[in-house]
1. With charges set only on the Cβ (+1 for Lys and Arg, -1 for Asp and Glu), what does the dipole of the protein assembly as shown come to about its Cα centre, in debye to the nearest 20?
2. Average partner chain C-beta neighbours within 10 Å, per residue of A:257-263?
3. In a Gaussian network model over chain D where Cα atoms closer than 10 Å are linked, find which of D:His306, D:His65, D:His154 has the largest mean-square fluctuation.
4. Across the residues of A:285-295, average count of Cβ atoms on other protein chains within 10 Å?
5. Within straight cross-link reach of A:Lys63, meaning Cα distance under 30 Å, which lysines are found once same-chain residues fewer than 8 apart are removed?
6. Where in segment B:16-96 are there trypsin sites (Lys or Arg not before Pro) that are in a DSSP coil and have at most 13 other Cβ atoms within 10 angstrom of their Cβ?
7. Toward the positive end of the charge dipole of the protein assembly as shown, about the Cα centre and with charges on Cβ (Lys, Arg +1; Asp, Glu -1), which of D:Thr60, E:Pro44, A:Leu41 goes farthest?
8. Viscosity 1.002 mPa s, temperature 20 °C: what is the translational diffusion coefficient of the protein assembly as shown from Stokes-Einstein with a Kirkwood Rh over Cα pairs, rounded to a whole number of µm²/s?
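Where a number appears in this text, it was derived from the coordinates with a stated rule and is not lab data. These numbers were taken from a predicted model, which means no experiment stands behind them. A quick note on method: Cβ atoms are made from the backbone with ideal geometry, for glycine too, and the neighbour counts reach across all protein chains shown.
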Amino acid sequence: VYRRNSGHRVFTHADWAVHRKPSRYARHLALIFASRIFRSLIPPITAVTLISTLVGVYETLLKEHRLPAQWPHVTLALGQGFQLTAFALSLLLVFRTNSAYGRWWEARMLWGSLTNRTRDFVRQCLAFFPEDAKRLREAAVLWTIALPYVVKAHLREGNRLESELEGILTRDEVDALTGATHRPCFVLAALSQVVAAAGLDPQLRQRLDTNLTAFEDCIGGCERILRTPIPQSYTRHTSRFLMIWLIMMPFTLWAAYSWVSILLSGLFAYLMLGIDEIGVQIEEPFGVLPLGSFCATIERNLRELHYSNPEARFAALPW
Amino acid sequence: VYRRNSGHRVFTHADWAVHRKPSRYARHLALIFASRIFRSLIPPITAVTLISTLVGVYETLLKEHRLPAQWPHVTLALGQGFQLTAFALSLLLVFRTNSAYGRWWEARMLWGSLTNRTRDFVRQCLAFFPEDAKRLREAAVLWTIALPYVVKAHLREGNRLESELEGILTRDEVDALTGATHRPCFVLAALSQVVAAAGLDPQLRQRLDTNLTAFEDCIGGCERILRTPIPQSYTRHTSRFLMIWLIMMPFTLWAAYSWVSILLSGLFAYLMLGIDEIGVQIEEPFGVLPLGSFCATIERNLRELHYSNPEARFAALPW
Amino acid sequence: VYRRNSGHRVFTHADWAVHRKPSRYARHLALIFASRIFRSLIPPITAVTLISTLVGVYETLLKEHRLPAQWPHVTLALGQGFQLTAFALSLLLVFRTNSAYGRWWEARMLWGSLTNRTRDFVRQCLAFFPEDAKRLREAAVLWTIALPYVVKAHLREGNRLESELEGILTRDEVDALTGATHRPCFVLAALSQVVAAAGLDPQLRQRLDTNLTAFEDCIGGCERILRTPIPQSYTRHTSRFLMIWLIMMPFTLWAAYSWVSILLSGLFAYLMLGIDEIGVQIEEPFGVLPLGSFCATIERNLRELHYSNPEARFAALPW
Amino acid sequence: VYRRNSGHRVFTHADWAVHRKPSRYARHLALIFASRIFRSLIPPITAVTLISTLVGVYETLLKEHRLPAQWPHVTLALGQGFQLTAFALSLLLVFRTNSAYGRWWEARMLWGSLTNRTRDFVRQCLAFFPEDAKRLREAAVLWTIALPYVVKAHLREGNRLESELEGILTRDEVDALTGATHRPCFVLAALSQVVAAAGLDPQLRQRLDTNLTAFEDCIGGCERILRTPIPQSYTRHTSRFLMIWLIMMPFTLWAAYSWVSILLSGLFAYLMLGIDEIGVQIEEPFGVLPLGSFCATIERNLRELHYSNPEARFAALPW
Amino acid sequence: VYRRNSGHRVFTHADWAVHRKPSRYARHLALIFASRIFRSLIPPITAVTLISTLVGVYETLLKEHRLPAQWPHVTLALGQGFQLTAFALSLLLVFRTNSAYGRWWEARMLWGSLTNRTRDFVRQCLAFFPEDAKRLREAAVLWTIALPYVVKAHLREGNRLESELEGILTRDEVDALTGATHRPCFVLAALSQVVAAAGLDPQLRQRLDTNLTAFEDCIGGCERILRTPIPQSYTRHTSRFLMIWLIMMPFTLWAAYSWVSILLSGLFAYLMLGIDEIGVQIEEPFGVLPLGSFCATIERNLRELHYSNPEARFAALPW
């Protein structure tokens, strides 16, 4: 299945307890080499470390007179330009990562909204549809259950939509659905038909239609995030800025730290590249959010709302 | 009971007066060792202090020639890499804490919205329901009072929901409720039934339904915050960045401060780790917000709205 | 009366002209010792200045050999830790003050919304209520005028609500109102009764009800801000961070500035503590916003809308 | 007329092309002394330059022994306090300017909303009003055209409202309007009357009323921005912080730059004060936004919608 | 055609995979001289490099006594002023670019909203319009398809609107449309006519009208962004600040780096100017967003919704 980062999962109270433990610092440090961020950054970190080593070897050879004496030193002093740009680089990097975080959180909110509104839509259908319209009620619930699965398949690669919809829609319905190009729109059109068939008071029908509009906004919002990255020029300039900085760094470190500068180069490269990498990882949020769990939760909630239809139970209650 | 941080309570004018007093600085300093933040950070602060002591002992033994002379010095000069990363670290830390603050404030707003809309819903029921529907009015008010308690139990561990609902719902109603998996949805379904039973004009019914949708959004919003932490990769990288920094710091402090650097290491560790810790504490806001007080306030307000039904009192007024 | 900061008042064009004058810099500097911020910070500024003086006296005595020679120097060099934390402290301080500003501006927006919607509600009542319902129209206008006064009394201490409502509500009405625990809710219940009594088309009644819901949201939003400060752990850590910094500063300043460092300590303490103090002052906005002026403006507008009822005047106009 | 900053105008594609040209850097530099910001900052910049000159003269006289030898040097070394506060000052300054930008952009959005909703309101009137209600349609369009002019006169000083409304409202209507204290409210009351007179289906009337509520929100939002500046304590502290910094700066610059420090003082003062000045200029946005152009655009659009009533033209179309 | 930056295109899963590859750092570095940002910055970068060269030549001639000995050195030490302003400059630059990003993202959201709501509008028309109103349904769909093309032509220069509308509207309709000054408003008026002609229940008509209002808001929002740049004083001050800084930089670099400072000057100029340039590029977002693709996607979706009208297909389904 398509799941880039196993760290994004639905949190329980037990997860939060672990999350808050002071021992987290030790755990995080211990697992540093196992972290996805570190592993995906091995190439650029290696490059920076290599440059640092070359600077060290060159300077050592020069000092030991094993290179022509007129060859120049390559170490650089620190100066105003470095200070200014260090500052601008940090700001640029953290702002870019924050924009990516904003996209990730918006995607999460859109799925949250999909969760709330599917529940709301089913609650309304059960309260508004006439009691004898059993078939229509069931159709409304089942197509609403199908919606998040269809949206997930719309946003991610490599889904097995047909097997996921087994037990929700009939074979014929799945065929009609998968025949459409824009499948989420097809589901909404189907739900509009169900609502139209229920013959409701226009006032109540309007309430249901409001939720269908909310679904359109969720779907469109997800598509917007998926189809439009942060402007490439922004991403590229940040990336170039960072690399130029990391490439120049070893030249400024040698004088003060000699061979330790190799270690420090690698370390600083990891710390700074890591900020960029987090941003890039969460910029496309649908690969990292646990959409599968969301769909399953929605299905569970809606099935409970429908099958344990409160009407039956409330019959016992005093009104 | 489950209350992680006693500092989060409902503020009164007297609290604000204390909050603004210039003497707060002295008070905060005096209570530093009693603070929850400090106490939960004792392990990592101790670790940093220990490293600092070891650096001091090693360098002293080396200087007094009680270690082999060829063993290297371990102190580090400051340099460009440190400056750059110091800056990036501060930004990362403060931005992460700010995102956690954003979550905390959103949770507070969702509960505020729950407060407003329960009041609004009861106001509407009392104004819209026919005068003789005493039983339905009461059912509407009582189930609305139950809602925040049920949401609280949904968001927190270790609640005694059944005892809290005593005096609000009947034994039968509580049993039906606790039999459901998603209890807040059950309450909304029950309220939908009450509204359906009132036989209102569809226009007025629509107004009530709008508030039920608002309840769905509050509940779903809270679940979203509870189930989804800030991306773990972000949290972990910040935490690793901070620890690497704090571990390297003692090596750079010894040359300038000798034994005072042990004190300074501990102090700087406390100040920086504290920022991270605040963020982690408020990232899951439902354990720290005074949800119990919120529920009690809502209950008090709704009961007043209902029992001192203005209708009776307004009878005396000239319209 | 309860007015913490006379600087918050309703601005006129003349105020803006003064506000923009280049001479503002001179004026602000001249009034520095008269400023509320400065006066409320005298205790901590004095403390920092005193520490600075003690450092100076101690170091001078030591230098002049009037103290035992083995007593240590207490001045500190600057180093990495200071630089890192200086940066983090500034960020923490300015972000916290910005969050307080966000609360203040939200409170202002809620009162702005109360202003807009009371005008809108009265506009609707005058357009929707039947022409002959003079008494109901008047009741709607007067209770709407009462609303902001009641909300103000709900948010501030030491109001004389009864005298403020004189000339708006009758004695009986004021008694019924002040008998309620949650008075703003009582006013909304009363307005709901007035609307119910008007016998409107449900469609138009719905429009009025939408504004009543908007009132509930304004009231609840204000209560939320009043009852919930920025997390205390955040405020306290910022305050501790700042004080630790200011206490350590004199030790680092003496070497470079000798006796001038006393002046500089006080000055830097004022500048940094001032940022914190502004945040604390506006964190509870209802004591500093000119709520009295807002209420008076709303009353003036609504009375004009009502008494100079356009209907009469438009009679002369060609439609 | 009242137009503080001619730089704020409605942008065309040609303006954008100029705006993006790389030659902008040269143009901006060349026009530095002509810039409004620079000219309004001449007094404080002169003051800082003067202080710098005095420091230079004093130190030179001292060095040349033309002043009593026991007189002290006034130059200051840089140190921790300066570094910390430099950082905090920049943050404070840029955040304050950003808040002012937020206000400016909100004002622009409110006028944008006024533009959209006047168009929407007229579109609805033309589609909803019965075909034979020619007079009412015209009244609706003309009063809607009048609205932005009235709002502009409400927000700015020195408007010639009566001449602006010539050709829109009749003499009688203008008299009735200018007789009101709160004129935008009067226009909305008039529009409410027009809508009430049209005898529409309540459902459609509700749609029109929603736009009237949107107008109330726009008007109230503008008033809020106009009447409430950023808290004065914030503005004043930033201004004092900046001035103290700029006054101390010449004392720290002399040692390194001698007479060049006069030039540098003036330059740095210009750069830093400029940030503050921009914020102050856009904090009250209604003097700088091209409200006149906005009103003219709205009028042009609405007249086109009305006079070239699509109905007539669509008659030719196949439905 | 008018497309300023080919980097902004609709992203696919394959694009995201490339976007996340660690090899992106190497790719970005390799393409640095081909980047649009770099190429448009050649003039100012050249200027800074030239100044740096002149400083080097002058100082070298002076040192080699080929210039009069009394001619002064032009190199500058770093000092407080530089540090302070470096910091403020970075903040100003990054905040301005972030505001531009905010505008770009808002524009993207407005087009996203246009996408969602056109789909929603067509879904509603197909569900609400009577079955036999074939012609009206088609008119609704086709005019809705025309809307984004018309909005695009309204926001960009150099469109061939007439050829784009071929196959969507008839010759007569296109003529009527292009005869209007404000064409998007004309389309909305046409859609209002179609809705009015459908003779719907007012409740359902209201739902459609809500989407027409949403279209008005999208169009007006885009116009607002197009017609109003970030305040020119802000842009110009940032630009001047940056240029003054870059011009002074070579004077401070020579002492430490001698001839290498020419390279460093150019590099730092590129890195800092690049941040400004990104902001300027995305400040007017309609030239860089792939509006053409958006229009094509909307057309495809709406045509599918219409021609593969679910009604027909659902006939086979069991309700």
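1. Dipole magnitude for the protein assembly as shown comes out near 3800 debye.
2. Averaged over the peptide's residues, the number is 2.
3. Maximum among the listed residues: D:His65.
4. 2
5. Cross-link targets: B:Lys63, E:Lys63.
6. B:Arg66
7. Checked the options; the winner is D:Thr60.
8. 60
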